[in-house]
Every structure is written in structure tokens, then in C-alpha cells.
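Structure first, commentary second.
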Amino acid sequence: MRFEGKDRYKQKMGRNWFVLLLIVLLSISGCADTSQTESGDDEQGNGVAKSGKEAQEKADPVIEIGYELFRDAEEAGRMEDLEMFRSIVNQFGNHGYAAVDGRNQIDMAEPEQVISFCGKVDAKEEGKLTILKINDLEGVLDGIVKYDLKTKDGQVEATTSYYKYKDQDMEKVSTAGFHADRWEYTEDGYLMFSGSYFSEQLYVLTMSEASEYAAFRVLPLDETCRELNRQYILPAGYERNNLFLVDWNENDFGTLDFYDLYDLFYPRVNGGQIPYGMDDNLGVGAVYRIPEDEFENVIQRYINIDSGTLQSKTVFYPEDGTYEYKPRGFYEVEYPEYPYPEVVQYTENSDGTITLTVNVVFPYAGISKVYAHEVVVRPLEGGGVQYVSNRIIPSEENQEGTWHKPRLTPEQWEEMYGGME
């Protein structure tokens, strides 16, 4: 069951572009980052966030259980350990909770509860469900988000509580209630829902309500698929590059953007951030010339391409052996919400390569498969990898990658910056 069409997010993206850009520039966390919601308490789900400490429960089982699990992880020095995340998820499952990690990297505990609740929504029966999401902050255990869901007559009301672990203490820091105006249990085994509530802090900045987006993989996924995803696909992802957005192979690189790939691979090759940044004046377009060896060493570490072909796909100056490089500027900022990849199938080929079938999961849009694509990778000795090809799997259900902003063409760059260097 779903309450709303998939293409709503395209209209919302255009409507809220300025608002979200303002939030990014002010270094305010995006509304989808639920770990940063203001303190509040709203057990009635009336869509208003209030003071959370006023109603702090004296014996909250989430706090009691979570505190011990997080403390043990911290004392063991395993706050970034995936297996510790898995242990915490499973131990909450042993206490009767449906639980999952915040990045959907671990099979959900007690998924039958979620499937049963979704069935009640479809049947317009009454039901209740609690889902716990084990949150992380840049890969480090951070806290817990509890979703208390109620359904009646096919409608779903949600109360979301946020628990923060800090200084060996677990505390409920905020609560907010909202109506799930978008709800779907997808064919791919995802529960996706969203809604809005009033947040005074966000309203002051944006004159709009805060939004909540939830996406939980309910059905289990093959662990080898998960590991291949973490090893080869997740590190590249879909942010500021088109590696997995267009068709290409080693015989025809198509419209692959090698400058975006340079940005993507540079930190991995050189162990630091790329030194060629935007001009301090946003109205000025910065232009650099990168030595041939430096540029090619980054690209050829991950893409099997000869120097001549790479030079033909970029701007190269043979007189001094340099590549022209223009960093992404103000006019090439992407929408600050991205999908993530999920490998759902793999095939080991006779030539040593691996073919991966990947779904593009976009929580912000409420879509568990924007499209599927087939990636061939070539594992290298020492844990390295070369990307061999990408192919978008044709389907009438495919959506556009509207989060992606291509770099300016030479003509657009001249128009925007007037050729200033």
C-alpha cells in the first residue's frame, strides 16, 4: 500500500532547492538527519515537538537495554565495528523488538512484526508496531531512533523518539509525532514512509515544517551481496559522479566524467583531500593544470584506460603535459540528498571479474529501486579494484537520477564565469 505517487519528490526538489541550499551553507543538518532533531516530546503524535526532558521516562526499556549494549561496545573499543552493530540489533530482537541499523547493512531482527503490521495497514485493521533503528554518526555508534507506529482504517500515525549515547549515558533527547502521508511496503522488501511535523528551530530558518523519511530493509539479503556492496559499490556511490548513472565499458567510455572520477578517487590514492578547490570568490571560475602523471595515476588506478584515450576524453595540453582541471563551483552544487546502492545479485566470471546487480535505493524519494544497474568489477591483488563497465538495466519503472548535477559544459562555464581564470 502507498499513499502517494513516486514522482512527488521531483516537484518537491525544485520547490525546496533554495531552502536546502541555505541549510547547507549555514552548516545546518538536513531534515532527513533525524539524529539532529531538536528536543521535544509528543507522545500524542500531534505533529509538534516539545521539551523532551519534562516527560523523561523513569524506566524506559530502550534506555535500559541500549545503555548496557552501547557501554559494552565503547569499553571494548568497538563503536565502529559492523559486527557490534549486528550484535546490538540482534540483542534488541531477543528482547522482542523489530530492529535494524541506520544504514540497512544488517538483516532486520524480528521482521515478521513489520510484515504483519503492513498487512494490517493494507487490511485497514488496527495495529501497533515499534521499530528501533541503531543510529551511527559517520560510522560510529551514536544512539537509537524509536518509531512507534499505530494504524487504523489504513492510516498510519508515527511517534519518533531519539536517544543519544554520550559520556557513558543514554538519554531520550527528543520526540515528535506525525501522520505518515507516504507509506509503502515495496516488492523489494522495503518499508518506506515519511511525514512532516512542526519544528520551531527549522521553521525560523526555512518557514517550513520538518520532514521525516524512513527506509527499512525488512527482508534479509545475502551476506556476500552485502560484503561485495561495501567493498566495491558503496565507496563510489552516486554523489557527484556518474560512474553508475550512465552506460559505459572499457571499449566505449561513453559520457563518463573523468573529472568527477578524479575527485572521487584522489583521496583514496593520495590519502588526503584534493588540493584544487573553488576560488574564494564564488563568481570566479578556478582553473588548474595538473601534471600528466599525477592525473593519470589517480584515474588509471581504478579505470583501465590508456593515456591517449583519457586525454581525448578531457582537456589535455601536450605542450607542457598537463590536464586542465576546473573544480565544481557554485553552479554545480548537487541536491543534498542521495540514494545508496544495494547489491542484490552477483556472478563470478571466468576471467576473474565479478558482475554485480545493484538496486538504487532512495529513501528521500520513498523509492526502493530508482533503477537497477549491472556493474562489472575486476578485483586486484592487495584489495584494489578496477571498474570495468556499467549498464543501466532497461525497465519501464526506471526513474531519473535527478539528484545528480553534471559539470558545466565549456560553453556554460564561459557563460557563467566569462572566461576568468
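The values are calculated or read from the model by the stated rules, or taken from the named source; none is laboratory data. Note that the coordinates shown come from a computational prediction; the quantities given were computed from them, not determined experimentally. Cβ placement follows ideal geometry from the backbone for every residue including glycine, while neighbour counts extend to all protein chains displayed. Ligands, DNA and RNA are excluded from the accessible area calculation, which covers all protein heavy atoms including side chains. Shrake-Rupley method; radii C 1.70, N 1.55, O 1.52, S 1.80 Å.
Only sites in a loop by DSSP and with at most 16 other Cβ atoms within 10 Å count here; which GluC sites (Glu not before Pro) in region 373-407 make the cut?
396, 397, 400
Which of rounded, prolate, oblate describes region 325-421, given a ≥ b ≥ c as roots of the alpha-carbon gyration tensor eigenvalues and a/c under 1.5 marking rounded, otherwise prolate only if a/b is larger than b/c?
Note, shape of region 325-421 comes out oblate.
DSSP loop (so not H, G, I, E, B), at most 10 other Cβ within 10 Å: list which trypsin sites (Lys or Arg not before Pro) in region 58-119 pass both filters.
Qualifying residues, ordered by number: 58.
Using 23 Å as the Cα-Cα cut-off, could you pick out the over-long pairs in 152/369; 146/369; 128/172; 128/166?
152/369; 146/369; 128/166
Just to be sure I understand the model, the point goes 7 Å from the Cα along the line to the Cβ. What's the resulting residue 64 to residue 396 distance in nm?
Using points 7 Å along Cα→Cβ, the separation is 5.4 nm.
Which value, in debye to the nearest 20, describes the size of the charge dipole of region 350-421 about its Cα centre when Lys and Arg Cβ atoms bear +1, Asp and Glu Cβ atoms bear -1, and nothing else is charged?
Computed charge dipole of region 350-421: roughly 300 debye.
I need the peptides 269-281, 107-119 ranked by packing, meaning the mean over residues of other C-beta atoms within 10 angstrom, with the highest value on top.
Per-residue Cβ counts within 10 Å, averaged per peptide and sorted highest first, yield 107-119, 269-281.
Using 0.36 nm per residue of separation minus the Cα-Cα distance, give me the extension gain between residue 222 and residue 270 in nm, one decimal.
Taking residue 222 through residue 270 to full extension adds about 14.0 nm, to one decimal.
Quick one: what are the phi-derived ³J(HN,Hα) couplings along region 148-164, Karplus 6.51/-1.76/1.60 with θ = phi - 60°, whole Hz, x for glycine and proline?
Ordered by residue, 3J(HN,Hα) equals 9, 10, 10, 10, 7, 6, x, 9, 10, 10, 10, 10, 10, 10, 10, 10, 10 Hz.
Stretch residue 347-residue 150 to full length: gain in nm at 0.36 nm per residue minus the Cα-Cα span?
Length gained, residue 347 through residue 150: 66.8 nm.
Taking the Cα centre of region 297-421 as the origin, how large is its charge dipole in debye, to the nearest 20, when only Lys and Arg (+1) and Asp and Glu (-1) carry charge on their Cβ atoms?
280 debye
Given contacts defined as C-alpha pairs under 8 Å and at least six residues apart, what's the relative contact order of region 338-383, whole-number percent?
Worked out over region 338-383, it gives 34 percent.
Ranked from the most accessible area to the least, with a 1.4 Å probe and all protein chains present, what is the order of 404, 373, 95, 179?
95, 179, 404, 373
In region 243-343, with Lys and Arg counted as +1 and Asp and Glu as -1 at Cβ, which of these residues, 291, 246, 281, has the Cα nearest the positive end of the dipole, that is, farthest along it?
281
Considering amide H positions built from the backbone, and no H for Pro or chain starts, which residues 5 or more places from residue 101, or on another chain, come under 5 Å of its amide H?
Those qualifying (amide H under 5 Å, at least 5 residues apart or on another chain) are 106, 134.
Taking amide H atoms as placed 1.01 Å from N in the peptide plane, list the residues 5 or more away in sequence, or in a different chain, whose amide H sits under 5 Å from that of residue 218.
Residues meeting the amide H criterion: 190, 191.
Assign one of three labels to region 185-314, namely rounded, prolate or oblate, based on the Cα gyration tensor with a ≥ b ≥ c the square roots of its eigenvalues; rounded applies when a/c is under 1.5, prolate when it is not and a/b is larger than b/c, and oblate otherwise.
In terms of gyration-tensor shape, oblate.
Express in nm, to one decimal, how much length is gained between residue 355 and residue 234 on full extension, taking 0.36 nm for each residue of separation and deducting their alpha carbon distance.
This chain segment gains 42.0 nm when fully extended.
According to a simple spin-label model (label point 7 Å from Cα along Cα-to-Cβ), what is the distance in nm between residue 251 and residue 74?
Simple spin-label model gives 5.8 nm for this pair.
For the full complex of protein chains and a 1.4 angstrom probe, list 368, 307, 395 by accessible area with the highest value first.
Descending accessible area places them as 395, 307, 368.
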